[in-house]
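Enquirer: Next up is a structure, given as structure tokens.
The values are calculated or read from the model by the stated rules, or taken from the named source; none is laboratory data. As the structure is a computational prediction, the values presented were derived from the model and not from experiment. Note: ideal-geometry Cβ built from the backbone for every residue, glycine included; neighbour counts use all protein chains shown. These accessible areas exclude ligands, DNA and RNA; they are computed on the full protein's heavy atoms, side chains included. Shrake-Rupley method; radii C 1.70, N 1.55, O 1.52, S 1.80 Å.
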Amino acid sequence: MEAVGGYAAGVYLRSPTTGLLLMAVFAGLPLRLFRPWWRMQVNRPFPVAEAYRSGQAVLLHDAESTMSRFPQLMAGLPFPFASLYEPVTDGTERFGVLVVLREATPGIPVGTADRERLRLAAERLAADLAALMAAGAPVVWQGDPVDGPGPPPETGAEGARRAADRLAQAVLSLDRQGRIGYVNTAAEHLLGIGGPQLQGKLLWQALPWLGHPAYEDHFRAGFMSGEPVHFAARRGRHAPGQWFSVDLYPSVDGVTLTLGTSAKPAYAPTSRAGRDADADPAPTADAEVNADLDASADKASALYRPVALAIALTEAVTARQVSAVVTEELLPAFGGRQLAIYLLDERHLYLAWETGFPLGFLNRFDGVSLDVRLPGVETLTTGRPMFFESMQHLAAAYPGIPLDADVGARAFLPLIASGRPVGSCILGFDAPRGFSPEERTALTALAGLIAQALARARRYDSEAALARGLQSALLPHRLPVREHVATVGRYLPGTQGMDVGGDWYDVVETGTGLLALVIGDVQGHGVAAAATMGQLRSAVRAFALSGSTPEQVVSGTNQLLIDLDPGQFASCCYMLLDPASGSVMAARAGHPQPLLRHPDGRTEVLDLAGGVVLGIDPEASYPVTELRLTTDSVLALYTDGLVEKPGIDIDIGVERLRAALAAARPGPLTETADRLISEAGNTADRPDDIALLLASRTD
């Protein structure tokens, strides 16, 4: 830390949980302020995780470099600082990451000498850890991090001198861990607490009222940015209405905290005079001040709504889902009312999402070229966000531009992912407002997150279109028509994720006059699952047409999947039906048991012998079960998407399907299939796709 001019440093180490890094030691800043970052998943888009995954140093010299590469980090810590991350490795062994925080150097990258010092420090640490591992010690971290070594708290004359050098009034001197050192006489009188009772204690232990969540962001800014911070704080309930002005003056060796009496701050709610006569009685002064604090806490916590946005964006896979997440998380965080997202295609911007604007107003801007002078275009072409604190400012900057309102404010954000333009985002506010430096930094960082999510969504849309095309081409377009047998198939894609999976069904006319009924389910979704499904369907058809027995068909398909080694497995149920006699020979590979409805309506879950799923065991055997399909009986083969719901036992779903089949009135098989699948088809949130195949003996 000292060698590279840092003010804080720490080490992340691997943990017993695969893919999870834990902060092991941290020095130079209060640990409690960084609790959200004590745990780090290695697959997250944060610099610690990237350094660990790549084995390469990540060096971020200022806020701009951090924002362009890791907007997620700036969303949570929107302050000017630099951070250096060096992987701790020994050969192929990855132990963790060394982290150093220091003051930002805008426009000046980390120098060669500092890079080398950081690398040598990480190598020495890695060598020591490797020696521990060679001696039999498990090099993993469990539990919370510990404070690293640091100088003792400032006390006595030296502490008083340093505090006086910072500011001469009611003063407390804090070290970089937040422990109180020197306390001057004015502070003792103001707080009514003697210096010896405060010295050596953490600030938030000695003065618990400063530990309210409303103030945490102020302390983070002071300890990290190096800039003075000023805010108002209210002392605890035992002193109702007593407010203090709090000032933080940080430096590399500590923080000077000053206190002074203050009037109620400007952010307090307005007077409740003039309340309706029938309203609740006016709150007490103490309750009103508590409401003020809660309002302040809400204001501070709003800056961390971006964290919720980042988490929600990881779950959004389509452009519409991304836009909906932005509407639900971004607008409330900043008090916005209007949102529009434009996506770039062939040097034109096309409206992809809007909310809050007058109906049809934005249509005139749909498809505009990048050559047009509009704020939504220029924010993308220049890569700079644009903030207009009133509609008059917007009109003055762009004379003649159509406006949807006379009063309000607008923010235009460029959507750029990994240096590639994606589109632009417009935020609208109903009233004029300023944009603080913290808000501008947070909004710009969030625009980077949104751009990354939209770029990922576009890749998803392309892959989904390809997967849908594969699925449509590979499923049978019609089933063979045979005397004495009726067959009906149905397929429904899932409504989450890739929308397309590896479920399939088929009916194959063998050369011996028998009819093969097949249903299967490839694990996973997307192009890979659809492609594997196509290979398995082709293999089953080939085996069936060659006159193979059910056991040979399933065993051969299992061996083929193992030889292909696509990294997937599949379940399957194969039945060979003689239309004339109704005899059936069935083999099952880890697939749900079929249902059989008898002519009298009695419906049972069959108990077919079976083996493990395909693609796992080359020596697996698949025994054959014989049964008979009588006239007017119905055989139902299905995939687990029809009977399985998250959090509910699959047996309950099977029983529900059995009861539905038993209750089906005699009639066309197509109506029975539609009835069985209708409930699932009406479910908006369906995580898996569904295949259903019905077969019935007829006269």
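Residues are listed down the side, and each one gets a yes or a no for (1) surrounded by fewer than 21 Cβ atoms within 10 Å (Cβ to Cβ); (2) modelled with pLDDT of 90 or more; (3) part of a strand (DSSP E or B):
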{"position": "His218", "(1), (2), (3)": "yes, no, no"}
{"position": "Ala221", "(1), (2), (3)": "no, no, no"}
{"position": "His230", "(1), (2), (3)": "yes, no, yes"}
{"position": "His238", "(1), (2), (3)": "yes, no, no"}
{"position": "Gly241", "(1), (2), (3)": "yes, no, no"}
{"position": "Leu257", "(1), (2), (3)": "no, yes, yes"}
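Enquirer: Only one residue in Val110, Val88, Val100 is of a type in the set (Val, Ile, Thr), part of a loop (DSSP other than H, G, I, E, B), over 18 Å from Gln199 (Cα atoms) and at pLDDT 90 or above. Which one?
Expert: Unique residue meeting the criteria: Val110.
Enquirer: Of the residues in segment 536-551, how many are surrounded by fewer than 16 Cβ atoms within 10 Å (Cβ to Cβ) and either closer than 12 Å to Leu517 by Cα or in contact with a helix residue (DSSP H, G or I) (Cβ under 8 Å, 6 or more places away or on another chain) (or both)?
Expert: Qualifying residue count for the region: 0.
Enquirer: Out of curiosity, is Thr670 part of a helix (DSSP H, G or I) and either farther than 25 Å from Thr532 by Cα or touching a strand residue (DSSP E or B) at 6+ places or on another chain (Cβ under 8 Å) (or both)?
Expert: It is true that Thr670 is part of a helix (DSSP H, G or I) and either farther than 25 Å from Thr532 by Cα or touching a strand residue (DSSP E or B) at 6+ places or on another chain (Cβ under 8 Å) (or both).
Enquirer: Checking the condition of a type outside the set (Asp, Glu), without any contact (Cβ under 8 Å) to a residue 12 or more places away in the chain and under 21 Å from Gly582 (Cβ atoms), which residue from Gly647, Gly667 passes?
Expert: Gly667
Enquirer: Oh, and also: Run down Phe26, Phe34, Phe70, Phe79 and say which single residue is modelled with pLDDT of 90 or more, open to solvent by less than 20 Å² (accessible area, probe 1.4 Å) and closer than 28 Å to Pro250 by Cα.
Expert: On the way: Phe34 fails: modelled with pLDDT of 90 or more; Phe70 fails: modelled with pLDDT of 90 or more; Phe79 fails: modelled with pLDDT of 90 or more.
After applying the criteria, what remains is Phe26.
Enquirer: Within segment 182-193, how many residues turn out to be in contact with a helix residue (DSSP H, G or I) (Cβ under 6 Å, 6 or more places away or on another chain) and either under 16 Å from Gly254 (Cβ atoms) or not charged (D, E, K, R) (or both)?
Expert: Summing the residues that are in contact with a helix residue (DSSP H, G or I) (Cβ under 6 Å, 6 or more places away or on another chain) and either under 16 Å from Gly254 (Cβ atoms) or not charged (D, E, K, R) (or both) in segment 182-193 gives 2.
Enquirer: Looking for something open to solvent by 70 Å² or more (accessible area, probe 1.4 Å), over 14 Å from Phe412 (Cβ atoms), at pLDDT 85 or above and assigned to a strand (DSSP E or B) - is there at least one such residue anywhere in segment 357-365?
Expert: Of the residues in segment 357-365, the ones open to solvent by 70 Å² or more (accessible area, probe 1.4 Å) are 359, 363-364.
Those still in the list that are over 14 Å from Phe412 (Cβ atoms) too: 359, 363-364.
Filter once more, so that each one left must be at pLDDT 85 or above: 359, 363-364.
Adding the requirement that they be assigned to a strand (DSSP E or B) leaves none.
Looking for residues that are open to solvent by 70 Å² or more (accessible area, probe 1.4 Å), over 14 Å from Phe412 (Cβ atoms), at pLDDT 85 or above and assigned to a strand (DSSP E or B), one finds none in segment 357-365, hence no.
Enquirer: Kindly provide the set of residues from segment 1-23 that are within 28 Å of Ala137 (Cα to Cα), open to solvent by 20 Å² or more (accessible area, probe 1.4 Å) and either in a loop (DSSP other than H, G, I, E, B) or touching a Cys at 6+ places or on another chain (Cβ under 8 Å) (or both), ordered by number.
Expert: Those that are within 28 Å of Ala137 (Cα to Cα), open to solvent by 20 Å² or more (accessible area, probe 1.4 Å) and either in a loop (DSSP other than H, G, I, E, B) or touching a Cys at 6+ places or on another chain (Cβ under 8 Å) (or both): Met1, Pro16, Thr17, Thr18, Gly19.
Enquirer: OK, next. Out of (1) modelled with pLDDT under 90; (2) open to solvent by less than 50 Å² (accessible area, probe 1.4 Å), the odd one out for Gly178 is which?
Expert: (1)
Enquirer: Now, a different point. Has segment 58-67 got any residue that is open to solvent by 30 Å² or more (accessible area, probe 1.4 Å), at pLDDT 90 or above and under 27 Å from Ala137 (Cα atoms)?
Expert: No, there is no match, as no residue in segment 58-67 is open to solvent by 30 Å² or more (accessible area, probe 1.4 Å), at pLDDT 90 or above and under 27 Å from Ala137 (Cα atoms).
Enquirer: Here is a check on your reading of the model: is Pro80 in a strand (DSSP E or B) and closer than 19 Å to Val4 by Cβ?
Expert: no
Enquirer: Let me ask something additional. Name every residue in segment 567-579 that is closer than 24 Å to Ala531 by Cβ and either part of a loop (DSSP other than H, G, I, E, B) or open to solvent by 20 Å² or more (accessible area, probe 1.4 Å) (or both), in order of residue number.
Expert: Gly567, Gln568, Phe569
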